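Below is one structure; the comments refer to it alone.
The values are calculated or read from the model by the stated rules, or taken from the named source; none is laboratory data. Because the structure is a prediction, the values reported are computed rather than measured. Counting neighbours? That spans all protein chains shown, and the Cβs are built from the backbone with ideal geometry, glycine included. Surface accessibility is based on the protein's heavy atoms, side chains included, excluding ligands, DNA and RNA. Shrake-Rupley method; radii C 1.70, N 1.55, O 1.52, S 1.80 Å.
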Amino acid sequence: MDAKPVLTPELARRIVGWRRDFHRRPETGWTEFWTTARLAGILGDMGLAPRLGAEILDKSSRMGLPSEDVLSRVLVEAARPLGDLAGARAEFLSRMDGATGLCVDLAPDKAPGVVLRCDIDALPVRESRKPSHRPVREGFRSLREGAMHACGHDGHMAMALGAVQLVLDQIAQGRAKLTRSVRLLFQPAEEGVRGALSLVPLVRGWPCLLAGHIGLALPETGAFAAGVSGAFATAKFNVAFRGREAHAAQAPEEGADALKGACEAVLALHALPRHSRGEGRVCVGRLEGGSGRNVVPGFARFEAEVRGRPQEVCDFLFARAKAAVEGIALANGLDASVELAGQAGSAESDGELSARLARIAEGLSWDGRPVFGRVLEQARVSVSEDACTLMREVQQGGGHASYMLFGSDLAAGHHAPDFDFDEAVLAKGALMLASAVLDLAGSRDSRL
Ligand SMILES: [Zn+2]
Ligand SMILES: [Zn+2]
């Protein structure tokens with residue numbers, strides 16, 4: 001049997017079409033209702049039986065959830081058409097029961113084989129309107145003002161769907177078969193590393209997990225890295241100070257200034273010591289508080305994050321940040337709270353698995369040409385990734401995991417309003433994912 005998947009020009013066009021549909025209707029973390037329904041529709045048309053939202057996760061385990069108001073507003077919006085994109089089907093929305101994300105198994109009667117994890121959320125970024133921005137030029141700019149697929153997760157979904165279609169085609173044509181099951185996990189809320197924790201039970205006990213990203217450390221179409229090292233462990237947290245309002249001139253001594261406390265805490269976070277055993281990062285990305293010019297501010301809050309590699313550097317920074325907040329609250333007569341809004345550990349790709357994936361990548365060709373011009377076994381990254389939580393779960397259970405990078409020319413950096421990637425990466429990624437799945441869970445080798 002020749003298990004090499006064959007990508008037709010027609011499927012390559014469909015993959016780009018999927019990407020552009022997702023790009024036009026971006027939804028941020030935990031609000032991916034339309035996106036989940038669209039994925040369910042496409043996978044259902046392929047003859048698969050996806051499970052959605054509350055059918056796969058415990059709703060109470062979701063971190064960094066938007067307010068009920070936001071969730072219900074987006075849910076109503078998702079059911080409506082937008083441009084020429086039909087609204088989410090009522091049947092899917094009711095099955096989601098307020099929670100997003102999707103899981104679908106190929107060959108579910110077989111023993112667990114490979115989990116392919118793909119993220120689905122967008123960012124709260126206002127997409128560029130510049131005529132030079134390709135989504136503007138080619139008519140697929142975001143239709144939801146203030147939300148944008150500015151990280152490439154729209155491409156990840158399109159690549160994963162393409163890979164599923166390729167695997168199904170191979171099986172239907174008798175060119176391959178699965179001896180183990182394959183689980184596609186479409187994960188919500190990757191940004192802010194909020195989503196993976198609630199999906200941990202879905203990968204527990206699985207022997208192999210693959211995840212990946214477009215671009216990042218490989219801003220070059222045709223490059224591929226079979227694994228990464230160096231991902232930061234991170235903690236995202238919200239700090240709130242509560243004090244007492246008072247007249248700013250008549251009786252300032254009766255107030256307790258929450259905004260001043262928050263400002264002191266922001267500076268204290270930036271003054272945390274360096275750590276001798278690794279690298280750390282600190283960022284306070286948003287600060288708000290007070291009610292007016294002449295009122296001692298009774299309330300202030302900020303959103304912050306720390307990162308570290310190895311894990312102990314992150315743990316150290318987070319513990320010191322909490323201590324600083326508590327000390328400043330005490331000194332200023334304030335109440336303070338620190339609420340965890342997202343968390344991911346660091347995880348390294350397994351060398352043996354990365355080497356195997358690199359060999360697969362090197363052997364891929366399309367239209368008589370190599371799919372990847374440059375293949376690395378490992379690349380170093382300087383980001384955090386929610387997938388690390390799932391990778392660690394699989395690795396701690398004795399399995400293997402790898403995080404791949406699909407190189408692409410980038411129009412601007414990730415999360416920027418004019419971010420865009422080269423769509424040539426989509427076909428390459430779909431071929432690679434399908435080939436990896438067929439190799440790891442296919443007939444040629446039942447040992448993972
Ligand atoms: Zn991102
Ligand atoms: Zn991303």
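May I ask you to verify whether Phe421 is buried (at least 21 other Cβ atoms within 10 Å of the Cβ), in contact (Cβ under 8 Å) with a residue 24 or more places away in the chain, within 30 Å of Ser128 (Cβ to Cβ) and away from ligand 2 (no atom under 16 Å from the Cβ)? Even if it seems obvious, please write down each step before you answer.
Details: buried (at least 21 other Cβ atoms within 10 Å of the Cβ): yes; in contact (Cβ under 8 Å) with a residue 24 or more places away in the chain: yes; within 30 Å of Ser128 (Cβ to Cβ): yes; away from ligand 2 (no atom under 16 Å from the Cβ): no.
Criteria not met by Phe421.
Could you say whether any residue in region 309-316 is aromatic (Phe, Trp, Tyr) and either touching a helix residue (DSSP H, G or I) at 6+ places or on another chain (Cβ under 9 Å) or buried (at least 19 other Cβ atoms within 10 Å of the Cβ) (or both)? Checking region 309-316: not a single residue is aromatic (Phe, Trp, Tyr) and either touching a helix residue (DSSP H, G or I) at 6+ places or on another chain (Cβ under 9 Å) or buried (at least 19 other Cβ atoms within 10 Å of the Cβ) (or both).
If you filter region 353-412 down to residues that are within 24 Å of Ala424 (Cα to Cα) and among the hydroxyl-bearing types (Ser, Thr, Tyr), you find that the one that is modelled with the lowest pLDDT is Ser365.
Condition check ((1) assigned to a loop (DSSP other than H, G, I, E, B); (2) touching a residue at least 12 places away in the same chain (Cβ under 8 Å); (3) within 23 Å of the chain's Cα centre (by Cα); (4) over 28 Å from Ala262 (Cβ atoms)) across all residues:
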{"position": "Ala300", "(1), (2), (3), (4)": "no, yes, no, no"}
{"position": "Ala304", "(1), (2), (3), (4)": "no, yes, yes, no"}
{"position": "Arg320", "(1), (2), (3), (4)": "no, yes, no, no"}
{"position": "Val325", "(1), (2), (3), (4)": "no, yes, no, no"}
{"position": "Ala329", "(1), (2), (3), (4)": "no, yes, no, no"}
{"position": "Ala341", "(1), (2), (3), (4)": "no, yes, yes, no"}
{"position": "Leu353", "(1), (2), (3), (4)": "no, yes, yes, yes"}
{"position": "Val375", "(1), (2), (3), (4)": "no, yes, no, yes"}
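If you scan region 45-75, which residues turn out to be without any contact (Cβ under 8 Å) to a residue 40 or more places away in the chain, open to solvent by 80 Å² or more (accessible area, probe 1.4 Å) and either of a type outside the set (Gly, Ala, Ser) or closer than 20 Å to Ala122 by Cα (or both)? Across region 45-75, the qualifying residues are Asp45, Glu68, Asp69, Arg73. When region 215-274 is filtered for residues that are of a type outside the set (A, V, I, L, M), in contact with a strand residue (DSSP E or B) (Cβ under 6 Å, 6 or more places away or on another chain), part of a loop (DSSP other than H, G, I, E, B) and modelled with pLDDT under 95, the ones remaining, listed by number, are Gly230, Phe232.
Scanning region 159-192 for residues that are touching an Asp or Glu at 6+ places or on another chain (Cβ under 9 Å), open to solvent by less than 10 Å² (accessible area, probe 1.4 Å), of a type in the set (Gly, Ala, Ser) and within 16 Å of ligand 2 (Cβ to nearest atom) yields a total of 1. Assessment of region 5-16 against the conditions (of a type in the set (A, V, I, L, M, F, W, C), closer than 29 Å to Lys428 by Cα and part of a loop (DSSP other than H, G, I, E, B)) yields at least one matching residue. Per the conditions (1) within 16 Å of ligand 1 (Cβ to nearest atom); (2) more than 30 Å from Ala172 (Cβ to Cβ), the sole criterion not satisfied by Arg374 is (1).
Only one of the listed residues (Ala226, Ala258, Ala235) is buried (at least 19 other Cβ atoms within 10 Å of the Cβ) and touching a Pro at 6+ places or on another chain (Cβ under 6 Å). That residue is Ala258.
The residue of region 90-131 that is nearest to ligand 2 (Cβ to nearest atom), among those that are buried (at least 16 other Cβ atoms within 10 Å of the Cβ) and of a type in the set (Lys, Arg), is Arg117. You will find that of Gly308, Gly333, the residue that is of a type outside the set (S, T, N, Q) and within 23 Å of the chain's Cα centre (by Cα) is Gly308 and no other.
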